[in-house]
1. Check Leu46, Leu12 and return the single one that is touching a Lys or Arg at 6+ places or on another chain (Cβ under 6 Å), hydrophobic (A, V, I, L, M, F, W, C) and more than 22 Å from Thr131 (Cα to Cα).
2. Kindly provide the set of residues from segment 105-143 that are at pLDDT 90 or above and of a type in the set (Lys, Arg), ordered by number.
3. In segment 14-36, what residues are closer than 21 Å to Ala70 by Cβ, not in a loop (DSSP other than H, G, I, E, B) and not aliphatic (A, V, I, L, M)?
4. For segment 89-138, which positions are of a type in the set (Phe, Trp, Tyr) and buried (at least 20 other Cβ atoms within 10 Å of the Cβ)?
5. I'd like the full set of residues that are in contact with a strand residue (DSSP E or B) (Cβ under 6 Å, 6 or more places away or on another chain), modelled with pLDDT of 95 or more and hydrophobic (A, V, I, L, M, F, W, C), limited to segment 157-215.
6. Please list, ordered by first then second residue, the pairs with beta carbon atoms under 8 Å, 6 or more apart or interchain, first in segment 18-32 and over 20 Å from Pro155 (Cα atoms), second modelled with pLDDT under 95 and in a helix (DSSP H, G or I).
7. Give just the number: which of (1) in contact with a strand residue (DSSP E or B) (Cβ under 7 Å, 6 or more places away or on another chain); (2) closer than 28 Å to Asn182 by Cα does Gly132 not satisfy?
8. If I go through segment 139-184 residue by residue, how many of them are touching a Lys or Arg at 6+ places or on another chain (Cβ under 8 Å), among the aliphatic types (A, V, I, L, M) and either within 24 Å of Arg6 (Cβ to Cβ) or surrounded by 17 or more Cβ atoms within 10 Å (Cβ to Cβ) (or both)?
Amino acid sequence: MMFLNRIEAGSLLANKLMVYKSNKDAVIVAIPRGGVPIGYEIAKKLELPLEIVLSKKIGHPFNKEYAIGAVTLKNSILSDAALEVSQVYIHDETERIRGLLKQRLDWYYGDRKPLELKDKMVILVDDGIATGNTMISCIRLIELQKPSKIIVALPVAPTSALKKIRETEEVDEAICLSTPINFQAVGQFYEEFNQVNDNEVIELLKKAHEKFRLKKSN
């Protein structure tokens, strides 16, 4: 299955989530940066608030594109590949990444505060996953806030990664539109897969805040 772009993928995912439309206890949580346009389309169609969870992969010291784990502001997860990597390197990368994530949080939110996720039905979205490690790290971060339910929604993922997500004990449901056999990278399943920049994320979060979050508080 090919998607034209993230907007189309988000719209198609929203169709699978209509049971949550206008639910006052539901919130869309996107993984920046690529997950934010997806999340915005779902938030728009379901009339729900949009939030973000910040995470970043830990790259292997000899190949930064190869993830050996993932980090959020509060926790981290390591793969088996990390066993062969220096603990000093992992510690230093974790601290460096957390500094970047804190800076990104300040950019994205400014003086606004993220919604509390306690007792909320969280719909966690991204534009796709390859290994699932970053997603699992985000799931565990969200679980610390004690939501009532965590639903993962994805346009595309390999079967192995989706299985890993579904077997994660904190996940109540996982929805995925496509699980192709020949999976190399998320971008191969989009006709347009431009990099999402920080300004786009800030703008989409601002629009969602004004349209959906403020309306819910009135």
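The values are calculated or read from the model by the stated rules, or taken from the named source; none is laboratory data. Just so you know, these numbers come straight off a predicted model, no measurement behind them. Reconstructed Cβ throughout: ideal geometry from the backbone, glycine too, with neighbour counts over all protein chains shown.
1. Result: Leu46 is the single residue among Leu46, Leu12 that is touching a Lys or Arg at 6+ places or on another chain (Cβ under 6 Å), hydrophobic (A, V, I, L, M, F, W, C) and more than 22 Å from Thr131 (Cα to Cα).
2. Lys118, Lys120
3. Across segment 14-36, the qualifying residue is only Gly35.
4. Tyr108, the sole residue that qualifies.
5. Correct list: Ala157, Leu162, Ile165, Val171, Ala174, Ile175, Cys176, Leu177, Phe189.
6. Lys24/Lys216
7. Of (1) in contact with a strand residue (DSSP E or B) (Cβ under 7 Å, 6 or more places away or on another chain); (2) closer than 28 Å to Asn182 by Cα, only one is false for Gly132: (1).
8. Going through segment 139-184 one residue at a time, the tally reaches 5.
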